[in-house]
Amino acid sequence: MRFLPQRRRFDDLSEQEILALAISSEEDDARIYRSYAERLRDDYPDTARIFDGMAQEEDSHRQRLIDLHRSRFGEVIPLIRREHVAGYYARRPVWLIETLSLDRIRAEATAMEQEAERFYLKAAQRAQDAATRKLLGDLAAAEAGHQHSAQRLETEALGGDARAGEDETARRKFVLTWVQPGLAGLMDGSVSTLAPIFATAFATQDTWTTFLVGLAASVGAGISMGFTEAASDDGELSGRGSPVKRGIAAGVMTTLGGLGHALPYLIPHFWTATTVALVVVFIELWAIVWIQNRFMDTPFLRATFQVVLGGALVFAAGALIGSG
């Protein structure tokens, strides 16, 4: 038994169906731009105004298409959408914009314009009616120039100071939501697990036992740190962002920080494993220093002193306890 395909090929669409598809696509794009604007309005009001302007342009395109359909085919517009056409470009579900950064949203808008331009160029090639071909060609040119329109709107709405201010706000949200809890987790995982791992290593000189202790300490610390970070602040007043994101960042980085110097003990030779673990610890501590200096504006020498001294003291405590 054969089943009819669920989606139509673009080449099989009639001119009326192509117009209907263009109308629904313009309506969807306008809604997406307004969703972007609403998502950004509180933190990035100037960029929100840009997307408001782009949504209005999409509305004007849709109205021109509707007017042409009315003159050629009447008032009833067939129901055909992107998902009904095989190979037609898809749009990201609106609810996923909550996870997108400001730059990613801007990039998504650029991609939308490029895809719409390609559609109109192909649709114009299919059209036989002169008026339809002209309008589709005009809309292809409009979408090609949409990037220039976006740049124009951006120039009007985003002066140098406004753009710099929005970029700084985006950077601050990224630091507070991801970098700060991730750094705290990396420090906790890298430093706090030094003592139990190296104490076990020097006490038993058994690499497998040391690895198991390190694995348990790392995973346990990651779970604890993740839940603690998520429960400590809902982000509403502090502006630190989603507690789930912060918990994930802290938990994952804590686990990785501990596993970094636990994994070398999969090497069966004790002193080889210990040497590799010490090299990993050195890399971890310098990574912490770099992140503090790069994202937290901590002076390099002060960050180095704090991290290296703290790590050395914890390592020494673990080695002394294990040797005793």
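The values are calculated or read from the model by the stated rules, or taken from the named source; none is laboratory data. The structure presented is a predicted model; accordingly, all values stated were derived computationally and were not measured. For neighbour counting, all protein chains shown are included, and Cβ atoms are generated from backbone atoms with ideal geometry for every residue, glycine included.
Side notes on the structure shown:
- The residue pairs whose first member lies in the stretch 65-94 and is under 10 Å from Arg7 (Cα atoms), whose second member is surrounded by 15 or more Cβ atoms within 10 Å (Cβ to Cβ) and modelled with pLDDT under 80, and whose beta carbons are closer than 8 Å, counting only pairs six or more residues apart or on different chains, are Arg82/Tyr88; Arg82/Arg91.
Results for (1) modelled with pLDDT of 90 or more; (2) acidic (Asp, Glu), shown as yes or no for each residue.
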| residue | (1), (2) |
| --- | --- |
| Ser190 | no, no |
| Thr193 | no, no |
| Thr210 | yes, no |
| Asp233 | no, yes |
| Ser242 | no, no |
| Pro264 | yes, no |
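- Count of the stretch 23-58 residues, restricted to those that are outside any helix (DSSP H, G or I) and among the hydroxyl-bearing types (Ser, Thr, Tyr), is 1.
- Within the stretch 266-277, being buried (at least 18 other Cβ atoms within 10 Å of the Cβ) and out of contact with any Leu (no Cβ under 9 Å at 6 or more places or on another chain) holds for one residue alone: Thr274.
- Any chance Ala199 is farther than 30 Å from Ala124 by Cα, assigned to a helix (DSSP H, G or I) and either modelled with pLDDT under 90 or in contact with a Phe, Trp or Tyr (Cβ under 6 Å, 6 or more places away or on another chain) (or both): yes
- Being surrounded by 19 or more Cβ atoms within 10 Å (Cβ to Cβ) and either assigned to a loop (DSSP other than H, G, I, E, B) or touching an Asp or Glu at 6+ places or on another chain (Cβ under 6 Å) (or both) is a description that applies to His61.
- Subset of the stretch 312-321 [of a type outside the set (A, V, I, L, M, F, W, C) and modelled with pLDDT of 70 or more]: none
- The condition (being farther than 27 Å from Leu309 by Cβ and surrounded by 19 or more Cβ atoms within 10 Å (Cβ to Cβ)) is satisfied by just one residue among Ala230, Ala249, Ala195: Ala230.
- Failed criterion for Glu156 (all others in (1) under 30 Å from Leu21 (Cα atoms); (2) modelled with pLDDT under 60 hold): (1)
- Of all residues in the stretch 1-54 being among the polar types (S, T, N, Q) and out of contact with any helix residue (DSSP H, G or I) (no Cβ under 8 Å at 6 or more places or on another chain), the one that is surrounded by the fewest Cβ atoms within 10 Å (Cβ to Cβ): Gln6
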